[in-house]
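The values are calculated or read from the model by the stated rules, or taken from the named source; none is laboratory data. For clarity, every value in this text was computed on a predicted model and none was experimentally measured. Counting neighbours? That spans all protein chains shown, and the Cβs are built from the backbone with ideal geometry, glycine included. Surface areas here come from the heavy atoms of the whole protein model, side chains and all, with no ligands, DNA or RNA. Shrake-Rupley method; radii C 1.70, N 1.55, O 1.52, S 1.80 Å.
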Amino acid sequence: MKNIVILGGGYGGLTVIKHLIEGSIPNDTQIILVDRMPFQGLKTEYYALAAGTVSDYDLRVQYPVHHQLIYKYGEVESVNLEEKVILIHGEDPLSYEQLVIGLGCTDRFHGVPGAEEFSSTIQSFKSTRETYLRLNEIKPYGHVHIVGGGLSGVEIAAEIRESRADLNVTILDRGERVLSAFPQRLSAYVGEWFGEHQVELKNHISVSRVEPGAIYNRDEEILTDTVVWTAGIQPVKIVRDLNVQKDPQGRVSLNEYYQIPEYPEVYVVGDCASVPFAPSAQAAEAQGEQIAHVIHAFWKNEEPKTEALKLRGTLGALGKKSGFGLMGKTSMMGRVPRILKSGVLWMSKRHFG
Ligand SMILES: Cc1cc2nc3c(=O)[nH]c(=O)nc-3n(C[C@H](O)[C@H](O)[C@H](O)COP(=O)(O)OP(=O)(O)OC[C@H]3O[C@@H](n4cnc5c(N)ncnc54)[C@H](O)[C@@H]3O)c2cc1C
């Protein structure tokens with residue numbers, strides 16, 4: 001039996017699977033999905049799990065069922081591209097004929113001492129659960145500091161405010177304004193929302209150290225109960241360890257078929273893949289669909305056709321009733337983008353019917 005192994009059942013890996021099983025899979029081929037979890041975790045909503053406004057159960061999506069699809073649960077440790085073998089903790093090595101790497105990303109701490117040890121994060125289901133515990137055990141009227149005022153930092157700050165009215169919430173950002181990648185109008189709207197909801201914004205901050213109970217802006221000590229780190233991401237270590245060409249963000253450089261040029265049997269999808277966009281669930285899904293088309297074409301001995309990836313835009317939440325969005329050049333603010341975001345979540349939960 002030939003196999004195609006998919007590492008990671010997130011937005012990218014599952015989209016590849018969804019489109020592979022919608023077409024016909026050769027009778028002598030099996031798809032093997034390897035993940036540490038027995039369900040997809042809806043990462044775009046981890047900020048709400050951390051804040052305690054949704055439950056763990058709400059963010060799980062069951063994997064699809066197909067007679068040529070099998071699951072292997074475990075912690076992937078490394079990929080040997082030369083030998084075509086994957087090492088999974090405590091398991092026999094797994095060989096592949098074709099491989100799709102979709103293991104997502106993890107936090108980037110920029111070498112700040114203590115940041116990894118003493119801050120809470122929301123890049124994996126496990127770390128998000130731990131963050132939930134820490135945030136919800138903060139003493140009444142305690143203080144939480146969010147490092148990084150990008151999409152995740154803004155969403156978690158707003159959600160904590162909604163979850164716990166007693167807490168003092170501060171975003172520490174190194175730039176001029178939160179959401180610096182978005183138009184000024186959107187940042188201004190979000191800034192106003194934070195003003196009205198008593199979330200403090202501190203700009204031009206350069207975090208130099210994190211310690212238990214304190215975070216440092218250069219030499220200035222800021223006392224805190226919990227630090228949540230949302231100040232950067234990078235591909236997971238397994239991908240960082242691959243000896244192949246990468247872009248400046250550490251994502252794997254790929255050919256037009258999303259294959260590693262020296263290893264055309266290996267595709268990379270999602271946050272680990274070098275595409276002309278910032279990492280997002282939307283980009284991972286768009287790319288995953290194309291990878292499935294490429295694989296189907298090769299199965300049929302046809303020349304694959306790929307198209308430039310097209311993204312619809314970005315939506316962000318400010319609690320459960322307000323939000324913001326950018327569709328092309330159009331900025332959206334208030335209730336409508338929040339309703340659209342809920343609609344996207346509703347669809348994500350129903351990927352597989
Ligand atoms: C708070 C937050 C809000 C976001 N909001 C948005 C948004 O509004 N819109 C948007 O488009 N994007 C958003 N994103 C980004 C989006 O979540 C990611 O870009 C997307 O999840 C990437 O998909 P992926 O398939 O590459 O990885 P993931 O979806 O992260 O999937 C990776 C999979 O690999 C598994 N895995 C990882 N390492 C191992 C290992 N060693 N062994 C076994 N299994 C492993 C994980 O369990 C997981 O199932 C947000 C992210 C965060 C954190």
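Looking at the structure I just gave you, is ILE260 at pLDDT 95 or above and either in contact with a helix residue (DSSP H, G or I) (Cβ under 7 Å, 6 or more places away or on another chain) or within 11 Å of the ligand (Cβ to nearest atom) (or both)?
Values: at pLDDT 95 or above: yes; either in contact with a helix residue (DSSP H, G or I) (Cβ under 7 Å, 6 or more places away or on another chain) or within 11 Å of the ligand (Cβ to nearest atom) (or both): no.
Against the criterion (at pLDDT 95 or above and either in contact with a helix residue (DSSP H, G or I) (Cβ under 7 Å, 6 or more places away or on another chain) or within 11 Å of the ligand (Cβ to nearest atom) (or both)), ILE260 does not qualify.
Being out of contact with any His (no Cβ under 9 Å at 6 or more places or on another chain), buried (at least 18 other Cβ atoms within 10 Å of the Cβ) and either at pLDDT below 95 or in a loop (DSSP other than H, G, I, E, B) (or both) is a property that does not hold for TYR46. Kindly evaluate ARG185 against the criterion of being open to solvent by less than 80 Å² (accessible area, probe 1.4 Å), among the basic types (Lys, Arg), in contact with a Ser or Thr (Cβ under 8 Å, 6 or more places away or on another chain) and under 28 Å from VAL336 (Cα atoms). Criteria not met by ARG185.
Among the numbered conditions (1) open to solvent by 20 Å² or more (accessible area, probe 1.4 Å); (2) touching a Leu at 6+ places or on another chain (Cβ under 8 Å); (3) touching a residue at least 60 places away in the same chain (Cβ under 8 Å); (4) assigned to a loop (DSSP other than H, G, I, E, B), the only one that TYR141 does not meet is (3). Within region 117-138, being touching a residue at least 40 places away in the same chain (Cβ under 8 Å), open to solvent by 10 Å² or more (accessible area, probe 1.4 Å) and outside any loop (DSSP other than H, G, I, E, B) holds for GLU117, PHE118, ARG129, TYR132, ARG134, ASN136. In region 190-219, which residues are exposed (fewer than 14 other Cβ atoms within 10 Å of the Cβ) and of a type in the set (S, T, N, Q)? Result: GLN198, SER206.
Only residues that are near the ligand (Cβ under 9 Å from one of its atoms), open to solvent by 40 Å² or more (accessible area, probe 1.4 Å) and over 19 Å from the mean Cα position of the chain (by Cα) were counted across region 49-77, and they come to 2. The residue that is farthest from ASP28 (Cα to Cα), among those in region 79-131 that are within 15 Å of the ligand (Cβ to nearest atom) and of a type in the set (Asp, Glu), is GLU130. For the structure I just gave you, tell me whether LEU33 is of a type outside the set (Val, Ile, Thr), touching a helix residue (DSSP H, G or I) at 6+ places or on another chain (Cβ under 7 Å) and part of a strand (DSSP E or B). Yes, satisfied.
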